[in-house]
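Below is one structure, written out as structure tokens, with a few remarks after it.
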Amino acid sequence: MKTHGSASQSQLSTDLEMLHAHVKGKSLTLAELKQSLKGRGAAMLLILLALPFCFIAIPGLSTPFGIAICLIGACLVIGREPWLPRFIMHRRLSTARSAQLLTGAIKVARQLEKFVRPRLAFLHAGPGMLRLIGLGIVIASLGLMLPLPIPFSNSIPAWAVVLLAIGMMEKDGLCVLLGHLTAMGTWVFIGLTSAFAVGGLQRFLDSLPL
């Protein structure tokens, strides 16, 4: 999978491995990560922010990273250059968290590279498609930033963001379509699990002796 630009550019996993080697043993801020990703665009930053949550929950990071992803998505919706406030950009990650973040991102990127390719251009290059992708990212990020004690409540919206960002960067309309469906599925999943939880609690309370 090539990064956005010429075909001579390196694969996403290679870019992430180079970044990992460059920052190894260091604590990082999002500002430093963004600077390291200079020239790779908002899509690369979105991928890096969301990829680690695709399989594992990282305590304390889903909310700030979800806010960051939401703001980037909102900028895409209104057609502005991605912007993040200082309190998010200067939040420092520990050395262990930084390593965990990049290691998880590299593993998922290697798997995604096996099937991503340019296709279905009308889903990513049509009129207003970039704004629609931004809206999907906002919808998914709202689910990611909620600290819900529900299995997969982080991984589903994270996958939505990753698919939308990769589709945008790699011109893969299938990834964009899957990303939108996953973003909508996030809230269907949260709604259904919440309804089951409330219903179960209500039945438990009703079973208690008066």
Taking region 57-124, which trypsin sites (Lys or Arg not before Pro) meet the DSSP loop condition and have no more than 14 other C-beta atoms within 10 Å?
Arg80, Lys114
Taking all protein chains as present, what is the carbon and sulfur share of the accessible area of region 41-141, in % to the nearest whole number, probe 1.4 Å?
66
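How would region 168-210 be classified by its alpha-carbon gyration tensor: rounded, prolate or oblate, with rounded meaning a/c under 1.5 and the a/b versus b/c comparison settling the rest?
prolate
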Across the chain, how many lysine pairs, 8 or more apart or on two chains, come within less than 22 Å at their alpha-carbon atoms?
17
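Expressed as a whole percentage, what fraction of the accessible surface of region 162-210 belongs to carbon and sulfur atoms when a 1.4 Å probe is rolled over the protein heavy atoms?
Values: 2160 of 2780 Å².
For region 162-210, the apolar C and S fraction of the accessible surface comes to 78 percent.
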Span-like helix ranges in the chain, DSSP H, alpha carbon extent 30 angstrom or more, Kyte mean at least 1.0:
173-207
Taking a probe of 1.4 Å and leaving out DNA, RNA and ligands, region 124-210 shows per residue an accessible area in Å² of 51
What is the local net charge at Glu17, summed over the other residues whose Cβ is closer than 13 Å to its Cβ (Lys, Arg +1; Asp, Glu -1)?
+1
Note the listed values [x] 0.93; [y] 1.02; [z] 1.19, then indicate which one is Rg/Rh (Cα atoms, Kirkwood Rh) calculated from this particular structure.
[y]
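Hey, if we sort Thr29, Thr63 by accessible area with the 1.4 Å probe, largest down, what's the order? Intermediate values should be presented prior to the final figure.
Details: Thr29 10, Thr63 50 Å².
These residues rank, largest area first, as Thr63, Thr29.
Over the residues of region 117-210, compute the C-alpha Rg and express it relative to 2.2 N^0.38 Å.
Numbers: Rg = 17.4 Å, N = 94, 2.2 N^0.38 = 12.4 Å.
Relative to the rule-of-thumb radius for its length, region 117-210 sits at 1.41.
With charges set only on the Cβ (+1 for Lys and Arg, -1 for Asp and Glu), what does the dipole of the chain come to about its Cα centre, in debye to the nearest 20?
Values: 19 positive and 8 negative charges, 94 e Å.
Roughly 440 debye, rounded to the nearest 20.
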Size of electric dipole in region 57-170: Cβ of Lys, Arg +1 and of Asp, Glu -1, about Cα centre, debye, nearest 20
200
Solvent exposure, largest accessible area first (probe 1.4 Å, DNA, RNA and ligands not counted), of Val198, Val108
Val198, Val108
For every helix of n ≥ 4 consecutive DSSP H residues, a contribution of -39,500 (n - 2.57) applies; sum these over the chain, divide by its total residues, and give [θ] at 222 nm rounded to the nearest 500 deg cm²/dmol.
-21000 deg cm²/dmol
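The values are calculated or read from the model by the stated rules, or taken from the named source; none is laboratory data. All figures in this text were calculated on a predicted structure; none of them were measured in a lab. Don't worry about glycine lacking a Cβ; one is built from the backbone with ideal geometry, like all the others, and counts go over all protein chains shown. Areas reflect the complete protein model, heavy atoms only, side chains present, ligands, DNA and RNA absent. Shrake-Rupley method; radii C 1.70, N 1.55, O 1.52, S 1.80 Å.
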